[in-house]
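In what follows, a single structure is set out as structure tokens and then discussed.
Laboratory data are not the source of any read-out in this text; all were calculated from the coordinates shown. Keep in mind that this is a model prediction, so the values were computed, not measured. Positions of Cβ are generated from backbone atoms using ideal geometry, with glycine treated the same way; all protein chains shown enter the neighbour counts.
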Amino acid sequence: MRIDVITIFPEYLTPLELSLIGRARREGLVDLHVHDLRQWTHDRHRTVDDSPLGGGAGMVMKPEPWAAAFSGVRESGQAALGTDVEPLIIFPNPAGEPFAQSTAQEWSRCEWLVFACGRYEGIDERVYQHLADVGCEVALASLGDYVLNGGEVAVLAITEAVVRLVPGVVGNAESLIEESHAAGLLEYPVFTRPASWTDPAGVVREAPPILLSGDHGKIAAWRQEQSEARTRERRPDLLAPLDEDAAGS
Ligand SMILES: N#Cc1c(-c2ccc3ccn(Cc4ccncc4)c3c2)n[nH]c1N
């Protein structure tokens, strides 16, 4: 998988050099490139924003640098990939579709992702229109119903959620199956040694005895029951589709 990120804050993306994503890059499972949008400006001040037409607070990102950036990244990416494959261009955007595990699973199968990190009040709408008119596949994704100052934090989250699903990135692929949201349920509670722990308040806390039984069938059943109970309590909205399926079967 190739990933390109276009941003005015390249240093915001340095966490992608660390840990699991960093190892995947070093192992050649992911080829990730971060680009400073200002390299596609030509004025002395390297201007990427201007006042909103029609008035209003804040600034809007100008269309010219973005159009030049997409053209440049597309050209360099196709040269590196050796094909004329087109990327999926992803705009983190508060008005985008909710990013979910199903989105991560879908995007983890893409050959090439290009992330466009907006800032200020957003990117001139004509950029989206231009990309659509030249046949680019574009997605607008939102992390959730809260307001960030730009797209970089979302790209960090989305990149981690997507790349960890790329085959070979996570050592134990089985762990991906039981995770929260992977099967539409929240993950069951986890425990480790010591089986009996006296906490700092002097309370003795025992791990569920079933987990020490060695009966893997009963343990699996207990974990499924815990996942369903936890989901029903904390995220009943996730059960609605599952309950409808069960009712229809
Ligand atoms: N994904 C995602 C997001 C963002 C987000 C993403 C990109 C940009 C670019 C600019 N801004 C600032 C801004 C612009 C307009 N309205 C409000 C804030 C962004 C916010 N906020 N909240 C989310 N869940």
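Laid out as a table, the results:
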read-out: Shape of segment 47-159, Cα gyration tensor, a/c cut at 1.5; value: oblate
read-out: Segment 108-249: C-alpha gyration tensor shape, a/c 1.5 cut-off, then a/b vs b/c; value: prolate
read-out: Cα gyration tensor shape for the chain, rounded if a/c is under 1.5, else prolate or oblate; value: prolate
read-out: Beta bridge orientation in the chain: antiparallel %, DSSP, nearest 5; value: 20
read-out: Zone residues, segment 33-60, relative to Ala68, backbone N less than 16 Å from point 7 Å out along Cα-to-Cβ; value: 35-50
read-out: Projected label distance in nm at Asp215 and Leu20, using a 7 Å step from Cα toward the beta-carbon; value: 3.3
read-out: Estimated distance in nm for a label pair at Asp31 and Ser175, the labels positioned 7 Å out from Cα along Cα-to-Cβ; value: 2.8
read-out: Rounded to whole Å, sorted largest first: equivalent-ellipsoid semi-axes of segment 182-247, Cα gyration tensor; value: 29, 15, 8
read-out: Estimated [θ] at 222 nm from DSSP helical runs (n ≥ 4, -39500 (n - 2.57)) normalised by residues in the chain, nearest 500; value: -11000 deg cm²/dmol
